[in-house]
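Below is one structure; the comments refer to it alone.
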Amino acid sequence: MTDLLIPTSAPVQERRLVTEVPGPRSRELMARRAAVVSAGVGTTLPVFVERAGGGVVVDVDGNSLVDLGAGIAVVNVGNAAPRVVAAVQEQVAAFTHTCFMVTPYEGYVAVCEELARVTPGTHEKRSALFNSGSEAVENAVKIARVATGRSAVVVFDHAYHGRTNLTMALTAKNMPYKSGFGPFAPEIYRVPMSYPFRDPAGLTGAEAAARAVRQIEAQVGAANVAAVLIEPIQGEGGFVVPAPGFLPAVADWARQAGAIFIADEVQTGFCRTGDWFASDHEGVVPDLVTLAKGMAGGLPLAAVTGRAELMDSVHTGGLGGTYGGNPLACAAALAAIETMRELDLAGAARAIGDTMLLRLRALQERHPAIGDVRGRGAMTAVELVKPGTTEPDPALTAAVAKRCHADGVVVLTAGTYGNVLRFLPPLVIGQDLLTEALDVLDAAFAAHA
């Protein structure tokens, strides 16, 4: 990791507080927000951003906050990355939209060519582009059902896959994602995830996979399964990293059963975990992979990429959408992927992980409320519990996050029980800034010891 990853056009890379957080201008804008924006849209940190880049966001009051959220793992290449800005500016001057299904354009094809290169496996691939992770997941399920002629979809405890009707059914956590929004789509079956912190002591990845398979075979029937859908590292569920061997064993079973193995890499993709994709870590090659978030440097773009015979099994016109593969988003994605490759952002993510896990484990030694430290690359987390137990402590989690926010560091919470602090810095964050953010986190824990 090096400060050379920070573009010269980025804001000054420093944590700077000139008012309380949120400041008066942000509070004024929050009042305007309350008058016109649905109360159903939440806000983690009520500061309004004026500028962002590198590892900081600068609010309308002039406060510069260290960004350990990256827009929920979206701006992996940093906010307003130079290549992305230039590519979008050039494209917006040419044309903003035609709809690829009406009159196509090269950018869409070029993105699909890049996805065929960078996603796991050397087999022949096809892609279809969409707008959001939810859309990608929903379309992957559609493809799997057509390709197999089956209907059952297997998902896992603690999973998060989106907010549409089908993806709410696939998502495990009720509040805030599902409560009151049913009925949900049928033929969704949930089985146990490998969750080393909460599994019985000594349960291996292979044993956890066998536990899940037994439940599938007993309660669903292998011949009925269209797809097994899993996040290689769970996101909203609390950055749960399955035990080694779990993912390969589940993927092997799916193929033996004639089911499609779908890796939801919406949050883990595009160098976030120290590989281009989290599936790469154990050499798992999904049949289909869903992509979004870090793909296009902050512009809305998503994809399903997979085996050619599966992707081509859908009848013409069965996949698409008015804005799917928008030309501005495609231009941004090509520039973002080029940036990731040129700057070796997978290597940068590994360096971030080395720094963070070392500091977080040292923090755990001093604070027994940290029950678990986990993650990979620039996707790390701590799970907070009542000391000496595995009982979740969401109140402490919220308090530590609030203290970090007040002291100028953006952190996010997650987890089925609301007791996980998750860290997703932009992959271009500087070492000094990351160290300072971890110092603030350390002080926040000390304040609530």
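The values are calculated or read from the model by the stated rules, or taken from the named source; none is laboratory data. This one's a predicted model, so the numbers in the text were calculated from it and none came from an experiment. Neighbour counts run over all protein chains shown; Cβ positions are idealised from the backbone, glycine included.
Miscellaneous remarks
- Selection of the stretch 178-202 for residues being closer than 26 Å to Val382 by Cβ, aliphatic (A, V, I, L, M) and buried (at least 18 other Cβ atoms within 10 Å of the Cβ) yields only Met193.
- Given (1) in a helix (DSSP H, G or I); (2) buried (at least 24 other Cβ atoms within 10 Å of the Cβ); (3) of a type in the set (A, V, I, L, M, F, W, C), index of the condition Leu434 fails: (2)
- Residue match in the stretch 47-54 (condition: of a type in the set (Val, Ile, Thr), surrounded by 14 or more Cβ atoms within 10 Å (Cβ to Cβ) and under 19 Å from the mean Cα position of the chain (by Cα)): no
- Close pairs from the stretch 156-179: first free of Cβ contacts under 8 Å to residues at least 12 places away in the same chain and farther than 20 Å from Phe130 by Cα, partner of a type in the set (A, V, I, L, M) and crowded, with 19+ Cβ neighbours inside 10 Å, Cβ under 8 Å, at least 6 apart: Lys178/Met168
- Going through (1) touching a Ser or Thr at 6+ places or on another chain (Cβ under 9 Å); (2) free of Cβ contacts under 8 Å to residues at least 60 places away in the same chain one by one, Ala34 falls short only on (1).
- Residue among Val304, Val289, Val314, Val266 that is among the aliphatic types (A, V, I, L, M), surrounded by fewer than 21 Cβ atoms within 10 Å (Cβ to Cβ) and farther than 30 Å from Asp442 by Cβ: Val314
- Any hit, the stretch 208-218, residues being farther than 18 Å from Tyr417 by Cα, touching a strand residue (DSSP E or B) at 6+ places or on another chain (Cβ under 7 Å), surrounded by fewer than 17 Cβ atoms within 10 Å (Cβ to Cβ) and modelled with pLDDT of 95 or more: yes
- Options Val66, Val60, Val77, Val84; residue that is more than 27 Å from Pro327 (Cβ to Cβ), in contact with a helix residue (DSSP H, G or I) (Cβ under 6 Å, 6 or more places away or on another chain), crowded, with 24+ Cβ neighbours inside 10 Å and of a type outside the set (D, E, K, R): Val66
- Checking each residue in the stretch 155-177 for being buried (at least 20 other Cβ atoms within 10 Å of the Cβ) and among the polar types (S, T, N, Q) picks out Thr167, Thr171.
- Whenever a residue of the stretch 398-415 is crowded, with 22+ Cβ neighbours inside 10 Å, its partners that are at pLDDT below 95, lying with C-beta atoms within less than 7 angstrom and at least six residues away or across chains, give the pairs Val400/His448.
- Residue match in the stretch 305-327 (condition: at positive phi and within 16 Å of the chain's Cα centre (by Cα)): no
- Selected residue [among the acidic types (Asp, Glu), touching a helix residue (DSSP H, G or I) at 6+ places or on another chain (Cβ under 6 Å) and modelled with pLDDT of 95 or more] from Asp275, Asp312, Asp280: Asp275
- Scanning the stretch 7-23 for residues being without any contact (Cβ under 8 Å) to a residue 40 or more places away in the chain and more than 15 Å from Ala406 (Cβ to Cβ) gives a total of 1.
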